[in-house]
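Only one structure is covered here, and it is reproduced in the block below.
The values are calculated or read from the model by the stated rules, or taken from the named source; none is laboratory data. None of these values were measured; they are calculated from a predicted model. Cβ atoms come from the backbone with ideal geometry, glycine included; neighbour counts cover every protein chain shown. Accessible surface is based on the protein model in full, side chains and every heavy atom, while ligands, DNA and RNA are left aside. Shrake-Rupley method; radii C 1.70, N 1.55, O 1.52, S 1.80 Å.
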Amino acid sequence: MLKSKMFKQGQSDYKLSAVVPIKETVPEKKDVELILVKEQNGVQYTNNTIIAPNTSLKYEAPVQEEPEREHWGKKIDFLLSVVGFSVDLANVWRFPYLCYKNGGGAFLIPYTLFLIIAGMPLFYMELALGQYNREGAATVWKICPCFKGVGYTVILIALYVGFYYNVIIAWSLYYLVSSFTSELPWTKCGNEWNTANCTDPNRFNLSLTNGTTYAKYKLTPAAEFYERAVLHLHQSAGIHDLGQPRWQLTICLFAVLIVLFFSLWKGVKTSGKVVWITATLPYVVLFVLLIRGVTLPGSFKGISSYLHIDFKRLKESTVWIDAATQIFYSLGAGFGVLIAFASYNKFDNNCYRDALLTSTVNCVTSFISGFAIFSILGYMAQKNNVKIEDVATEGPGLVFIIYPEAISTLRGSTVWAVVFFIMLITLGIDSAMGGMEAVITGLADDIAIFKKHRKLFTFLVSVITFLFALLCITNGGIYVVTLLDTFAAGTSILFAVLIEAIGVSWFYGVDRFSDDIYRMLGFKPGLYWRLCWKFVSPAFLLFVVIASIVTYNPLEYDDYHFPPWANRTGWAIALSSMMLVPLYFIYKFVTVNGSFKKRLAYCITPESEYHLVAQGDIRQFKLQHWLTIG
């Protein structure tokens, strides 16, 4: 029965005899044991302690059968988790503004192009890689051991991102709690946090204030609530003067980590149920906000500005760079999350269809959210008698200043504020869950004691994340958030995915990767996908890496310029993760035995083929391996 099931998956028995020749003296039971190991690991050997064909031993030690890997409760749990991770705050606060400033509808041309030639192929590659090998981001590199440092790199990056991303969710929670009042606290001046210069936008035209746009004007009630009541930024002189953590934000951050812990401590069985709320609720809220937005005066002026088409902007390199970086960060490839999620799929799950579906949903969500955002911005522009460009902004300034101010002017403002900040919290929570799951799965698969005590390990990761995040909720915490947001997952994550794409497509081989997909799905990827993996995606990532370095500017937050030591600290954080790639390669090379050539062979050969290295049959040393595309 086991053999017939293996043949259904497209796997023949020749591979078995290549590893351990069946001798007449070996009991038939041994054949069954080896097939079980093979079936258990997704029709691929993972235990490199299997004795090579040239061994002089007659019998082998029994192979210990590992517990079956946990699976998603339902297929929809996996899909919602992937969508929930990739659809995050950036879909709301970054894409609409990028589209607006880069030629409106014309921006969709490079954005869609990069989605097709790079975004989807990378998305598909990571899902297939995780599902076939059933391992996290580190141990999945049994396919090419010297690249295991890439796994550690993305795990560390995911941990860094958790230090500040959870803080943004904590800000949203603070706003949510503050919204339960008869009058929203950022509606008027006269509160204890307001300055004497606080300006009521209903009484003054701010479009000509020293040439400052409305979005950058810091004396409105909404702006002062964000910077003085929430952040307490006025009590910090800069990143060198952080101060103590704010107790209100500490409570909010603690609540966020509690939710994350209890969502993840039992694995995908529980997290898969949480995303039924966190991944679907934002769509309901976004639809409600869109309907309310288009009914406001000036909304269509905002939407027309969002969709205006300026093909001349396509001549500018910055437009293409913005499109490339946005499609990469929007889909979330490279953080180890997609590999971790896919590793809990059933072996024959159609990850090809999943990749097309979820990546498309992500990009369509980004586009649709622009209507909800710019309908409100159009309303704000008309209400304050300013131009769209005066209110258009991105990032925290959009969702914590401009949008809340617009909501405060609506009838039933408290309800709209509660709805909006619930959307922000749910958008952030499932993305944060994905990041923590990448860390937990990646290390638990690599270190047995973490896997055995998953609950305790999840608690440990939560505590570490909470303690480091305290730096981000101090008086000068926004400066730490800015630094981490720029460096923790900037050039470093682009570099990591570039190495990942090269490792899979060139060292492991597109043809062998295509064979793996055939065993899972019953069909090989088309020539288009193989060409993208081999040439287009690595070239795209190299372009984005170079662009991120060339376009780098010293850190700023509004008018504050970070000191040189802060920029150096940022690059040190980026290098701390990137250096794991060469360091692990060196470690792997010096810890294997043999001549220089044989050491190199062990480093770049899948662990399941180590017996071939011992025989001198090294595939990567043949020109055909590097030229073939499947």
Checklist line | Residue count, the range 125-145 (criterion: part of a helix (DSSP H, G or I) and crowded, with 24+ Cβ neighbours inside 10 Å) | finding: 11
Margin query: So the check is Cβ under 6 Å with 6+ separation or different chains; which pairs have a first residue in the range 161-181 that's within 13 Å of residue 229 (Cα to Cα) and a second one that's in a loop (DSSP other than H, G, I, E, B)?
Written below: 178/185
Note to self: Scan the range 593-615 and tell me whether some residue there is part of a helix (DSSP H, G or I) and under 29 Å from residue 476 (Cβ atoms).
What the structure shows: no
Item checked: Residues that are of a type in the set (Phe, Trp, Tyr), at pLDDT 95 or above and within 23 Å of the chain's Cα centre (by Cα), drawn from the range 536-581 -> 571
Check: If you go through the range 209-226 one residue at a time, do you hit one that is in a helix (DSSP H, G or I), open to solvent by less than 20 Å² (accessible area, probe 1.4 Å) and at pLDDT below 90?
Finding: yes
Item checked: Failed condition for residue 532, given (1) at pLDDT below 95; (2) open to solvent by less than 30 Å² (accessible area, probe 1.4 Å) -> (1)
Item checked: Entirely in the range 49-103, the helices (runs of 4 or more DSSP H) that have 3 or more residues that are at pLDDT below 90, open to solvent by 30 Å² or more (accessible area, probe 1.4 Å) and on the phi > 0 side of the Ramachandran plot -> none
Check: Would the range 423-439 turn up any residue that is over 24 Å from the mean Cα position of the chain (by Cα) and crowded, with 24+ Cβ neighbours inside 10 Å?
Finding: no
Notebook entry, point to check: Taking residue 418, is it within 23 Å of the chain's Cα centre (by Cα), under 25 Å from residue 84 (Cα atoms), open to solvent by less than 30 Å² (accessible area, probe 1.4 Å) and at pLDDT 95 or above?
Noted result: no
Next item on the list: Have a look at 376, 368, 440 and point out the one that is more than 18 Å from residue 104 (Cβ to Cβ), of a type in the set (A, V, I, L, M) and either outside any loop (DSSP other than H, G, I, E, B) or at pLDDT 95 or above (or both).
Entry: 440
Notebook entry, point to check: Does the range 147-167 contain at least one residue that is part of a helix (DSSP H, G or I), touching an Asp or Glu at 6+ places or on another chain (Cβ under 6 Å) and within 29 Å of residue 608 (Cα to Cα)?
Noted result: yes
Next item on the list: Considering only the range 278-335, give the helices (runs of 4 or more DSSP H) lying wholly within it that have at least 3 residues that are surrounded by fewer than 23 Cβ atoms within 10 Å (Cβ to Cβ) and without any contact (Cβ under 8 Å) to a residue 40 or more places away in the chain.
Entry: 281-294
